[in-house]
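First the structure, in the form of structure tokens, and then the observations on it.
The values are calculated or read from the model by the stated rules, or taken from the named source; none is laboratory data. All values derive from a computational prediction rather than experimental measurement. Note that each Cβ is placed from the backbone with ideal geometry, even for glycine, and that neighbours are counted across all protein chains shown.
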Amino acid sequence: MTNTTLAQTQLIGVDWGLTHLRAYRIGQDGRIFEQRESSQGVLAIESRGFAAALHQLIGDWLIEHAESPLYLCGMIGSRNGWYEAAYSRCPTAIDQVAASALVVDIGDRKAILVGGVSFTGAAGTFDVIRGEETQLFGVSTATGTQCIVTPGTHSKWVFVRDGSVEHFRTYMTGELYAVLRQHSSLGLWMRNTQPEAAAEDERSFVEGVQTSLQDLDLLHSLFTVRTRALLKDRPAAAHAAYLSGILIGNEVAQGLRQTGARTLTLIASTQLESLYRTALSAAGVDRIDCVAGHHAVARGLWRLWKCRARQ
């Protein structure tokens with residue numbers, strides 16, 4: 001590692017979720033110089049061994065960049081994490097989230113834990129974001145309106161106005177897909193397929209999307225996975241793809257109905273980007289801007305740091 005590279009490292013950012021621990025050496029404008037990852041997510045940590053897991057992954061960074069701020073986001077700041085960082089209530093902007101971040105002592109140095117964002121709906125229901133808020137701030141603009149979608153286990157559809165998170169809605173799409181595959185009668189038709197099978201049969205996936213777009217009755221549409229398997233001779237992967245299409249198609253239909261968006265920003269992995277781009281295009285979305293999750297979170301952490309430094 002050269003002295004130039006060392007000097008360019010402005011921030012160490014950590015995105016610590018339930019199943020993965022990801023760390024980044026971040027430079028100007030959120031540029032990633034180096035990244036590391038382990039499976040030591042919050043759920044894998046025993047006896048509150050968070051410090052040991054962090055040092056195992058980036059102990060050398062913490063020594064070499066002792067003067068660089070350390071920012072942590074994700075479920076590490078939840079009630080089940082290292083320390084609990086409070087939610088900022090919508091509407092909220094980056095300066096509010098930066099100001100409310102929690103300063104903690106992690107033994108040999110200080111760290112900043114970024115809090116989540118909460119929203120109370122008209123019916124008195126609650127939605128929360130923990131981790132994705134950093135991605136949002138990595139792609140949001142200071143002016144205008146944006147619809148930002150972060151698909152995954154719990155997909156988020158977020159409406160941003162002039163850089164402020166106004167409201168959002170959560171869809172349990174990824175979790176429901178896993179539950180139905182593993183613990184329902186629908187899973188009998190796809191037991192020997194991998195969870196990624198939905199990406200292997202685009203035709204069946206699109207058929208599932210179209211079913212949901214034409215009929216918003218999700219509980220009925222799900223049953224057609226079974227009847228389709230009974231009456232059509234298709235491989236197991238086709239049934240998994242069709243189920244994924246129904247769930248993602250329903251999410252897209254409901255999300256577009258709630259937001260009225262015709263253009264949106266999608267923050268996703270390559271695989272989910274492909275599936276959601278297909279579903280969104282089928283639903284008639286005019287423009288889809290895609291950003292990789294690691295780039296969004298690194299720039300978001302950098303922006304939060306710069307914003308806090310100005311306060």
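Figures for the structure shown
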| item | result |
| --- | --- |
| Residue among Leu218, Leu222, Leu264 that alone is at pLDDT 95 or above and under 21 Å from Val158 (Cα atoms) | Leu264 |
| Subset of segment 20-54 (residues that are surrounded by 20 or more Cβ atoms within 10 Å (Cβ to Cβ) and hydroxyl-bearing (Ser, Thr, Tyr)) | Tyr24 |
| Ile106 vs. criteria surrounded by 13 or more Cβ atoms within 10 Å (Cβ to Cβ), modelled with pLDDT under 95 and farther than 25 Å from Arg257 by Cβ | yes |
| Exclusive hit being closer than 26 Å to Val128 by Cβ and not aromatic (Phe, Trp, Tyr), set Ile58, Ile32, Ile63, Ile45 | Ile45 |
| Test set (1) closer than 30 Å to Val97 by Cα; (2) surrounded by fewer than 22 Cβ atoms within 10 Å (Cβ to Cβ) - His220 fails condition number | (1) |
| Selection count where residues are polar (S, T, N, Q) and out of contact with any Phe, Trp or Tyr (no Cβ under 9 Å at 6 or more places or on another chain), scope segment 55-74 | 1 |
| Residues located in segment 199-226, provided they are more than 17 Å from Leu275 (Cβ to Cβ) and either under 23 Å from the mean Cα position of the chain (by Cα) or aromatic (Phe, Trp, Tyr) (or both) | Phe223 |
| Unique residue being under 19 Å from the mean Cα position of the chain (by Cα) and either surrounded by 15 or more Cβ atoms within 10 Å (Cβ to Cβ) or of a type in the set (Asp, Glu) (or both) when the list is Leu57, Leu113 | Leu113 |
| Any pair with Cβ under 7 angstrom, 6 or more apart, that starts in segment 78-95 at a residue that is farther than 26 Å from Leu21 by Cβ and ends at one that is crowded, with 21+ Cβ neighbours inside 10 Å and of a type outside the set (Asp, Glu) | Cys90/Val117; Cys90/Phe119; Cys90/Val165; Pro91/Val165; Thr92/Val117; Thr92/Val165 |
| Scope segment 153-167; condition closer than 12 Å to Val128 by Cα and either assigned to a loop (DSSP other than H, G, I, E, B) or of a type in the set (Asp, Glu) (or both); matching residues | His154 |
| Qualifying residue in segment 279-289 (condition: surrounded by 22 or more Cβ atoms within 10 Å (Cβ to Cβ), over 13 Å from the mean Cα position of the chain (by Cα), among the small types (Gly, Ala, Ser) and not assigned by TED's automatic domain parsing to the domain that holds Gln96) | yes |
| Any hit, segment 228-247, residues being buried (at least 20 other Cβ atoms within 10 Å of the Cβ) and under 24 Å from Glu166 (Cα atoms) | no |
| From the options Val209, Val149, Val225, Val128, residue that is outside the structural domain of Arg257 (by TED's automatic domain parsing) and touching a helix residue (DSSP H, G or I) at 6+ places or on another chain (Cβ under 9 Å) | Val149 |
| Subset of segment 99-150 [of a type in the set (A, V, I, L, M, F, W, C), over 23 Å from Ala66 (Cα atoms) and either touching a residue at least 60 places away in the same chain (Cβ under 8 Å) or in a strand (DSSP E or B) (or both)] | Val117, Phe119, Phe126, Val128, Ile129, Leu136, Phe137, Val139, Cys147, Ile148, Val149 |
